[in-house]
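The values are calculated or read from the model by the stated rules, or taken from the named source; none is laboratory data. Being a predicted model, the structure only gives us computed values, none of them experimental. Because the Cβ atoms are built from the backbone with ideal geometry, glycine has one as well, and the counts that use them run over all protein chains shown. Ligands, DNA and RNA are excluded from the accessible area calculation, which covers all protein heavy atoms including side chains. Shrake-Rupley method; radii C 1.70, N 1.55, O 1.52, S 1.80 Å.
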Amino acid sequence: MGTRPATVWTPADIISVIRELAEKGLFPAHLLDGEISERDSIDALGIDSIGGVYLIDRLEELTGVAMPDDFAPPGTDLSGIADRVNQIVAEKF
């Protein structure tokens, strides 16, 4: 995936990033091919706080926009994360 500052992010995009990080061994292995729903939260997927940092870092790389540390409070589902990424990116451009 390349830098996408002007693209609308969907939950499917967030799921792709999660699978990418699982492939790199940064997230639990069950996320490689297990079922992931847009209504799942990061916590429900078994991603810990360090994993949250990896996700934020990767989203920053892909969007070219700095994400605030608190951009996705605990319990935020993947749909909400996609919405928040879109909001932050829109504010920067």
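Numerical summary
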read-out: Residue pairs meeting the criteria (Cβ under 8 Å; at least 6 apart or on separate chains; first free of Cβ contacts under 8 Å to residues at least 12 places away in the same chain and assigned to a helix (DSSP H, G or I), in the range 8-37; second loosely packed, with under 12 Cβ neighbours inside 10 Å and not charged (D, E, K, R)); value: A22/A29
read-out: Qualifying residue in the range 49-61 (condition: more than 11 Å from the chain's Cα centre (by Cα) and free of Cβ contacts under 8 Å to residues at least 12 places away in the same chain); value: yes
read-out: Any hit, the range 72-82, residues being surrounded by 14 or more Cβ atoms within 10 Å (Cβ to Cβ) and at pLDDT below 95; value: yes
read-out: Complete set of residues in the range 57-79 that are under 22 Å from E35 (Cα atoms) and touching a Pro at 6+ places or on another chain (Cβ under 9 Å); value: D77, L78, S79
read-out: Check on L59, out of contact with any Leu (no Cβ under 9 Å at 6 or more places or on another chain), in a helix (DSSP H, G or I), at pLDDT 95 or above and not basic (K, R); value: yes
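A quick yes/no check of all residues on (1) open to solvent by 40 Å² or more (accessible area, probe 1.4 Å); (2) aromatic (F, W, Y); (3) modelled with pLDDT of 95 or more; (4) within 14 Å of the chain's Cα centre (by Cα):
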| position | (1), (2), (3), (4) |
| --- | --- |
| R4 | yes, no, no, yes |
| P11 | no, no, yes, yes |
| V17 | no, no, yes, yes |
| H30 | yes, no, yes, no |
